[in-house]
1. Would you pick out the residues in the stretch 44-65 that are exposed (fewer than 11 other Cβ atoms within 10 Å of the Cβ) and not in a loop (DSSP other than H, G, I, E, B)?
2. Select from the stretch 90-117 the residues that are polar (S, T, N, Q) and either under 21 Å from residue 54 (Cα atoms) or modelled with pLDDT of 95 or more (or both) and list them in ascending order.
3. Taking the stretch 5-29 as the search range and keeping residues that are under 17 Å from residue 69 (Cα atoms) and aliphatic (A, V, I, L, M), which one is surrounded by the most Cβ atoms within 10 Å (Cβ to Cβ)?
4. Filtering the stretch 88-115 down to residues that are among the polar types (S, T, N, Q) and in a strand (DSSP E or B), which residue is nearest to residue 46 (Cα to Cα)?
5. Under 9 Å between Cβ atoms, which residue pairs at least 6 apart in sequence (or on different chains) link something in the stretch 30-48 that is within 16 Å of residue 64 (Cα to Cα) with a partner that is in a loop (DSSP other than H, G, I, E, B) and of a type in the set (Phe, Trp, Tyr)?
6. Take the stretch 60-82 and flag every residue that is farther than 15 Å from residue 15 by Cβ and over 15 Å from the mean Cα position of the chain (by Cα).
Amino acid sequence: MAAQQFEKHLTPNEITRKFSVPTAWLDAMPEFGEGRQEVLLRAVDGVGFGCQFICAVRKGRYKKPVLNLAEWGRFVSAKSLKAGDKIVFYKEENEFRGSQYRFRAQKLDAYGNWVDV
């Protein structure tokens, strides 16, 4: 079951460059090791495919987390994402599988409903 779900609408800059991760999402992400500025985020998208991203943070007080352009760019291309589309992120706790991460891309359909792509 998902503890907390996070949503973010994509900006034009996030389509062509890196994805700026809201700082609040860090609590739901895998742990950064001691002194590490990067963590590998393995997730499943909304249609069941695996995806992975490198999340990097700055040293110091203001972390400003971002997803690495290489992995993020492939995800944007594969999903044909545009500004205004939405990302939904959450962590599921499962008694048998442990923590699983979900990173869903969504677009509005012809009826105005958000659907996974």
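The values are calculated or read from the model by the stated rules, or taken from the named source; none is laboratory data. Since this is a predicted model, take the numbers as computed values, not measurements. In this analysis, Cβ positions are derived from the backbone assuming ideal geometry, glycine residues included, and neighbour counts consider all displayed protein chains.
1. Correct list: 50 only.
2. As a first pass, look at the stretch 90-117 and keep what is polar (S, T, N, Q): 94, 99-100, 106, 113.
Those that are polar (S, T, N, Q) and either under 21 Å from residue 54 (Cα atoms) or modelled with pLDDT of 95 or more (or both): 99, 100, 106, 113.
3. If we filter the stretch 5-29 for residues that are under 17 Å from residue 69 (Cα atoms), which is where we start, we get 10-22.
The next check asks that each one be aliphatic (A, V, I, L, M); those that pass are 10, 15, 21.
Details: 10: 18, 15: 17, 21: 23.
For the stretch 5-29, the residue satisfying everything is 21.
4. Taking the stretch 88-115 as the starting set, the residues that turn out to be among the polar types (S, T, N, Q) are 94, 99-100, 106, 113.
Among the residues that remain, those that are also in a strand (DSSP E or B) are: 94, 99-100, 106.
Numbers: 94: 17, 99: 16, 100: 13, 106: 8 Å.
Looking at residues that are among the polar types (S, T, N, Q) and in a strand (DSSP E or B), I get 106.
5. 38/32; 39/32
6. Matches in the stretch 60-82: 60, 61, 62, 63.
The rows are residues; the columns are (1) within 15 Å of residue 16 (Cβ to Cβ); (2) among the small types (Gly, Ala, Ser); (3) at pLDDT 95 or above.
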{"position": "35", "(1), (2), (3)": "no, yes, no"}
{"position": "41", "(1), (2), (3)": "no, no, no"}
{"position": "63", "(1), (2), (3)": "no, no, no"}
{"position": "84", "(1), (2), (3)": "yes, yes, yes"}
{"position": "88", "(1), (2), (3)": "no, no, yes"}
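To keep it simple, each residue is scored yes or no on (1) closer than 17 Å to residue 28 by Cα; (2) crowded, with 16+ Cβ neighbours inside 10 Å; (3) of a type in the set (A, V, I, L, M).
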{"site": "70", "(1), (2), (3)": "no, no, yes"}
{"site": "81", "(1), (2), (3)": "no, yes, yes"}
{"site": "87", "(1), (2), (3)": "yes, yes, yes"}
{"site": "92", "(1), (2), (3)": "yes, no, no"}
{"site": "97", "(1), (2), (3)": "yes, no, no"}
{"site": "100", "(1), (2), (3)": "yes, no, no"}
{"site": "110", "(1), (2), (3)": "no, no, yes"}
{"site": "116", "(1), (2), (3)": "no, no, no"}
